[in-house]
């Protein structure tokens, strides 16, 4: 028997469509239903055969589902939860893949009825691309998925959802929603904010031309343009929904940056060296934990047509 | 006939050893001499057969050279130039691969005699790794090399050096040293500074454990750890030698970041969206200019052992 008789995914972007592919590959449901408010997306889902059924109507999409997974920008969750309520069946689980969790837990517990298991989730995985074509089966392989269930959550519902994420290749960690938001503020949200910011700063320069920024981007800048190419709606919602934790981490980052700025101004080489040296080891640990490639330069291909 | 009868490279780290490999492959000299003040490095150079001759003594290394290339941290250049003076032959070219150019041009023109052609250079290429084992032949393929000759420089000397960099696969651009330092401040130096800084901020957190930072780094943080694993001595010298331009770009970056911080605090979603949307296009342009891979996630390998 499949893990869930019916799974409904709402939102078939990069994450939703990758999850659909992985659920199909690992046969985790008898009936996979895809719903999206963009008609073209559902057409693509049909063309790529990413679901057993597509539904443009939310009520039709969720009414027989044993598991509903929201994979739209987190700003849409409260309205979606409200709209689903009359149609959810007893004992269904509602989860999501959003990058913030405190506000999601609030939106779920405030809007969803007691006969539904609300278990927010966050697979820490992605690429800079968007849309159903960008997804792929192995996106969650060896990544972590964090679940932030409410205190009184049903253990069996947590276990089934854990099995789903493990089946698609992830490690699962149960965490308090507020702690999740602080951890992700430093490991994901702040990195995106400063990447967006430096690309914006470069974009606005008058004295350095755009073509110079592009030509000489291999000096480091290009690394930042990757995450600064991420979905703007999704990231707007992340910052609006994890405001306090992001502002706190940003405050620490800015303080540390001021200290480096001062060290440069006063030519304190030892202080610079100390900072640059202590950060080296973290990358080794990330590679040891299989959270990044060991190959230099992210494994980028350095073509040499003349080399044999 | 080879482009230069003898080429001497001082400093056989990632860049110096990659250049040595590329010079050998493309047969750009009859005699490639390698010199380094670390004895183990010269042993590795011998083992890997990266040069025709190794010399631990600087005078012996440069005395017959037609081209000397400094590939040590830029803080060493003034002393190296002074020490070389009595041994350089008439008409030799002295160049380098340093990431800053105004201070290098000053160090060269102040210390080198008139019978020598001083032509600073900067190949905008690299990885986060260091040392002679980390180098590879195709590092400069499709990258830009910027030359910043003084105003009265010998055109033939510029032409020969241009040919050398083109032969190893690079595009060459001639630029004013001060303009170089402003362009690279935004495309390379500031990116490294903020990468080092955010990794430092994460390193120092008390409430989020080191293991959490590592486990959940695939949310974006891991991208920054790559360039924050770069050679600390080299980067200390870059910031000490390009102080003014870096401080100016850092000032702009900090201003822009304050505006984003304010937009988050006051929940100005439209302003956030606008910033996140305008930065998207730059990555497409970088990929079109062949300065990064088109593959998502830098082409990182997403293994799925069960996929066929």
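Please treat every number below as a calculation from the coordinates, not as lab data. Everything numeric here is computed off the predicted structure, so don't read it as measured data. Cβ placement follows ideal geometry from the backbone for every residue including glycine, while neighbour counts extend to all protein chains displayed.
Among A:156, A:178, A:267, the residue with the largest mean-square fluctuation in a Gaussian network model of chain A, with springs joining Cα atoms closer than 10 Å, is A:267. Taking only alpha carbon atoms, chain B gives an Rg to Rh ratio of 1.01, where Rh is the Kirkwood radius. Between identical copies, the spacing of residue B:277 label points, each set 7 Å from Cα toward the C-beta atom, reads 4.8 nm from nearest to farthest. Below 8 Å between Cα atoms, with a sequence gap of 6+, how large is the relative contact order for chain B in percent? Normalised by residue count, the contact order of chain B is 15 percent.
Once C-alpha pairs closer than 8 Å and six or more residues apart are averaged by separation and normalised to the residue number of region A:179-294, the relative contact order reads 30 percent.
Each copy carries residue B:206; placing its label point 7 Å along the C-beta direction from Cα gives inter-copy distances of 4.6 nm, listed from smallest up. Once the C-beta distance of residue A:176 and residue B:47 is scaled by a Förster radius of 60 Å, the resulting FRET efficiency is 0.65 to the nearest 0.05.
The distance between label points at residue B:24 and residue B:284 comes to 4.4 nm (points 7 Å beyond Cα on the Cα→Cβ vector). The Cα atoms of region B:4-175 give a gyration tensor whose axes a ≥ b ≥ c have a/c under 1.5, which makes the shape rounded. Counting from the shortest, the label point at residue B:25, 7 Å from Cα toward Cβ, is 3.3 nm from the same position in each remaining copy. Computed from the Cβ-Cβ distance with R0 of 60 Å, the FRET efficiency linking residue A:163 to residue B:154 stands at 0.25.
Distance from the Cα centroid of region B:51-65 to that of region A:218-288 is 42 Å (rounded to whole angstrom). Roughly how tilted is helix B:232-241, in degrees to the nearest 10 and between 0 and 90, from the longest Cα axis of chain B? The angle comes out at about 90 degrees.
For the pair residue B:90 and residue B:40 in one chain, pulling the backbone fully straight at 0.36 nm per residue adds 14.8 nm over the alpha carbon distance.
Axis angle, to the nearest 10 degrees, between helix A:243-265 and the longest C-alpha principal axis of chain A: 10 degrees. Its Cα gyration tensor gives the protein assembly as shown an equivalent ellipsoid; the semi-axes, largest first and in whole Å, are 52, 24, 20.
Considering only B:160, B:211, B:18, give the residue with the highest GNM mean-square fluctuation for chain B, with springs between Cα atoms whenever their separation is below 10 Å. Fluctuation is largest for B:211. On the rotation that sends chain B to chain A, the chain B Cβ lying closest to the axis gives residue and distance in whole Å as B:298, 2.
So what is the 222 nm mean residue ellipticity for the protein assembly as shown from helices alone, if each DSSP H run of at least 4 adds -39500 (n - 2.57) and you divide by all residues, rounding to the nearest 500 deg cm²/dmol? Counting only the DSSP helices, I get -14000 deg cm²/dmol. Considering only beta bridges that DSSP places wholly inside the protein assembly as shown, some 10 percent are antiparallel. Across A:149, A:39, A:73, mean-square fluctuation computed from a Gaussian network of chain A (C-alpha pairs under 10 Å connected) peaks at A:39. Helix B:190-204 and the long axis of chain B differ in direction by around 60°, with both axes built from C-alpha atoms. Using the Cβ-Cβ distance between residue B:57 and residue A:142 with R0 set to 56 Å, the FRET efficiency works out to roughly 0.65.
Note on residue A:262 and residue B:295: their simple-model spin labels are 4.5 nm apart, each label 7 Å out from Cα toward Cβ. Can you tell me how region B:179-294 classifies by the Cα gyration tensor, rounded, prolate or oblate, using a/c under 1.5 as the rounded cut? The shape class here is rounded.
For region A:105-208, rounded, prolate or oblate, judged on the Cα gyration tensor with a ≥ b ≥ c (square roots of eigenvalues), a/c < 1.5 rounded, else prolate if a/b > b/c? Since a/c reaches 1.5 and a/b is larger than b/c, the shape of region A:105-208 is classed as prolate.
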